[in-house]
Amino acid sequence: MRMSQRNGGVKTRAFKAAFPKVLPICISFFFLAMSYGVLMGTRGFSFLWSLYMSAFIYTGSMEFVTVNLLVSAFNPFATLMLALMMGTRHLFYGLSMLGRFKNMGAKKPYLIYAMCDETFAVNNSAQIPADVDRGWFYFFVSLLNQVSWVAGATLGGIVGGRLTFDTTGLDFVMTALFVVIFVDQWLTTKRKSHMAALTGTVVPVICMALFGADNFMIPSLIAMLVMFIMLRSYLDDLKPDDVGKRDDVGKRDDADGAVESAADRNEVGEVRS
């Protein structure tokens, strides 16, 4: 009895620590997933399709793309390559979480499976209180995000199957989201150049002209991946001079490179050598 109460307390503290950090994401996930569910419903699919696809694919951009794949001529190789290329980014931030997911026991497979972009951002950057178990914190961040996405997609599928008005253009919601993110990063970036953003814009345009609107996606992704690898050292050199020198919590003494920033050490006050 005492052991179960102790485990319950550990889980409760982890849930209370995770919930406020993911609440904004959960809200946005819910409404974005609803638009996906509505889109599925208006294309004639049962809400069960939205439920299962959101639970098992759990890659928002790929789910939106899959809607069109399901109603077009089936091309298994192109579908496989598209899914692999769109999910390639998971490899890079997945590798960065290997150390954090070490010794997580039975929770580790789920943490790996449920690690989307937003979940990675929270788990990688959150300052977890000392009395909160890391494993359960990561677990509840992952679970809450996924539950909100699946719930939104399911409700959207139920609603979408009953809509009678024209929903043309609803599939543009994901494109609109990425456009907003792109513009925001363009305006707020501290880098000295927009080379990466320009590459991501120009390469697809060229590939569309060469391969056509129906076949440009995979060549574009491959070309951009190759270019980013080739230009990595150059892009790193374009970072602002003060990258890594965070002094929002305190002032860093540049004369002593061994002194860590106050933000990284979670200290409050001024850091002096």
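The values are calculated or read from the model by the stated rules, or taken from the named source; none is laboratory data. What you see is a predicted model; the values in this text were computed from it and never measured. Note that we place each Cβ from the backbone using ideal geometry, even for glycine, and neighbour counts take in every protein chain shown. For the accessible areas, the whole protein counts, side chains as well, though only heavy atoms, and no ligand, DNA or RNA atoms are used. Shrake-Rupley method; radii C 1.70, N 1.55, O 1.52, S 1.80 Å.
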Among the listed pairs LYS108/LYS190; LYS16/LYS190; LYS11/LYS102, which have their C-alpha atoms separated by more than 29 angstrom in this model? LYS108/LYS190; LYS16/LYS190
Quick check of the Kirkwood formula: for the range 1-99, what is the inverse mean of 1/r over all pairs of different Cα atoms, in Å? 16.5 Å
Trypsin sites (Lys or Arg not before Pro) in the range 34-108 lying in a DSSP loop, each with at most 10 other Cβ atoms within 10 Å of its Cβ, come to LYS102
Using a 10 Å cut-off on Cβ atoms, rank the peptides 28-37, 148-157 from the highest mean neighbour count down. 148-157, 28-37
Which chymotrypsin sites (Phe, Trp or Tyr not before Pro) from the range 55-86 combine a DSSP loop assignment with at most 15 other Cβ atoms within 10 Å? PHE74
Percent carbon-and-sulfur accessible area, the range 78-136, ignoring ligands, DNA and RNA, probe 1.4 Å: 66 percent
Shape call for the range 14-158, from the Cα gyration tensor axes a ≥ b ≥ c (a/c under 1.5 means rounded, otherwise prolate when a/b beats b/c, else oblate), comes out oblate
Would you please state which residues of the range 186-208 a label at THR88 would reach in this model, taking the label point 7 Å out along Cα→Cβ and a backbone N cut-off of under 14 Å? 200, 203-204
